């Protein structure tokens, strides 16, 4: 068996059935064998950053390790920003990158790949020899799972046509679900919770599995606490009577009232950044208990009154046991009035704002998009001036149905991650909310990928004609914002020319046509929302 065939077989043996990539000298035979010999699905990107982003989107939806492949030199350097996004988002993925042969000193594509990759915060694993293929690849996957970040497996191109005797190597992952705190900290946490009269239970991305959800709901019921999530765990408690939704600067007014009144927050698997904590407003006059499997996360961003390193589900159940043993009564914080207020909480279109002719109210348009889509969908939000409105209006039904693309505060990552999410969506539509500036950074290149792959993808472009964040900054300084504005061509006809579908929305009268286009779509659909940059709200997080 040739090395490239063994590498493809190794991927299959590790449970990989989908890979994203862009082929070049160093990886074309391997990618071809993955398709032809192993029956894998290979999604070809138009740019290496897109390939990595697709793997990140796929990983967020499936919960599995995402896999991408690129060639050497420029293939690696083109992946840099996407690797930073994956590292900051703690998303497990493996990037199989080719490298030039060590003997080929004068190869134009020679670059110090290890140094470039490590500078992103991603991990680096060198494939040492053809005979260590299975061992080294398994280690890369193990590291991606354990370290929860991208790991680059560096594969010299001169290995590809060498003969190897392939023997699979399993990935060993130590079980961590048995980890339950057993210390004075646990007693302290239980005491704080027992004394709380107005507790709130908060779940982050580290507590979105079914076990954790059930255990957190048991704890919340036991202590009479409403439940909330971070942005990345949005939708976890959807349908529960006392679901506050997202806690933080994106909270509804009804949720804000409850959180401000609370005297204790019990957080599981949440990083507790400044946005979740309302820039400190939600921390004031409250006791804070933080539970996380990662020791380094406990107390990293907030001073905690009790910090526990442990499995969220088992820790929550253990706290319930301690409260039962002490015969502690529920807090009584939950009331029928709270339930009614939360049930009626919503956002309304800002129809009173004056806007330029030929533009639509962004909130009204996004609410219409949300209503037109099936409830079971995957939602991806790119970054930009529009994103707060998008987060509020277009809902994700569950955490694995939400793809977060702004871990590094970059715009333009949305389209790549949306394609990966759509591939993973398994019969559900995927909807990307993006800005015109971010989409122009690379969205068109991989719109063709979405068409070629026949993906059920709806792309909503919040089009204010330029770079909205920069427009705001010019305006705040009393300067001419012309430099931030661009004369884009109309997007919808371009989408049609590339084999997709397109519709332009210039007023409320066009929303019915937009809804009809969503309902009748047979392939990737682009919706161009024409917005007035002067009337859009500033970014407030």
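So if we plug the beta-carbon distance of residue 148 and residue 257 into 1/(1 + (r/R0)^6) with R0 = 51 Å, what FRET efficiency do we get, rounded to 0.05?
0.90
Relative contact order of segment 443-514, please, whole-number percent, based on alpha carbon pairs below 8 angstrom and at least 6 residues apart.
That works out to 25 percent.
Quickly work out the residue 535-to-residue 107 label distance, labels modelled 7 Å from Cα along the C-beta direction, and quote it in nm with one decimal.
5.6
Antiparallel DSSP bridges in segment 362-530: what percent, to the nearest 5?
So the antiparallel bridges in segment 362-530 amount to around 5 percent.
Restricting to Cα pairs below 8 Å that are 6+ residues apart, what does the relative contact order work out to for segment 3-159? Please round to a whole percent.
In percent, rounded to a whole number, it is 24.
Give me 260, 440, 277 ranked fewest to most by other Cβ atoms within 10 Å of their Cβ, as a rough exposure proxy.
Ranked by crowding around the Cβ, least crowded first: 260, 440, 277.
Which percentage, to the nearest 5, of the DSSP beta bridges contained in the chain is antiparallel?
5
Over the chain, how many percent of alpha carbon pairs lie in each 20 Å bin up to the one with the longest distance?
Per 20 Å bin, starting at zero, the Cα-Cα P(r) for the chain comes out as 21, 49, 28, 2 percent.
For segment 184-343, would you read off the P(r) tail past 27 Å as a percentage of all alpha carbon pairs?
11
What ranking of 413, 72, 47 emerges when the number of other C-beta atoms within 10 Å of each C-beta is taken as an exposure proxy, fewest first?
47, 72, 413
How would you rank 462, 145, 264, going from fewest to most other Cβ atoms within 10 Å of each one's own Cβ?
145, 264, 462
Using a 7 Å offset from the Cα along the Cα-to-Cβ direction at both residue 340 and residue 131, what is the distance between the two label points in nm, to one decimal?
So the label points at residue 340 and residue 131 sit 7.7 nm apart.
Taking only DSSP H segments of four or more residues, each worth -39500 (n - 2.57), what value at 222 nm results for the chain once the sum is divided by all its residues, to the nearest 500 deg cm²/dmol?
-10500 deg cm²/dmol
For residue 162 and residue 303, compute 0.36 nm times the residue count separating them, minus their Cα-Cα distance, and round to one decimal in nm.
Between residue 162 and residue 303, full extension yields an extra 45.2 nm.
What is the spin-label model distance, in nm, from residue 448 to residue 285 if the labels are put 7 Å beyond Cα along the C-beta direction?
The modelled label-to-label distance comes out at 6.0 nm.
Where the centre of each part is set by its Cα atoms, how far does segment 456-507 sit from segment 246-310, in angstrom?
Measuring centre to centre over Cα atoms gives 36 Å.
If I stretch the segment between residue 357 and residue 321 completely, what's the gain in nm (0.36 nm per residue apart, minus their alpha carbon distance), one decimal?
Taking 0.36 nm per residue and subtracting the Cα distance, the gain is 6.8 nm.
With an 8 Å cut-off on Cα pairs and a minimum separation of 6 or more residues, tell me the relative contact order of the chain in percent.
Taking the mean separation of contacting Cα pairs over the length of the chain, I get 13 percent.
For segment 395-475, what Kirkwood radius comes out of the mean inverse Cα-Cα distance, in Å?
13.4
The numbers here are math on the coordinates, done by the rules we state, and not lab data. Computed from a predicted model, the values in this text were never measured in an experiment. Counting neighbours? That spans all protein chains shown, and the Cβs are built from the backbone with ideal geometry, glycine included.
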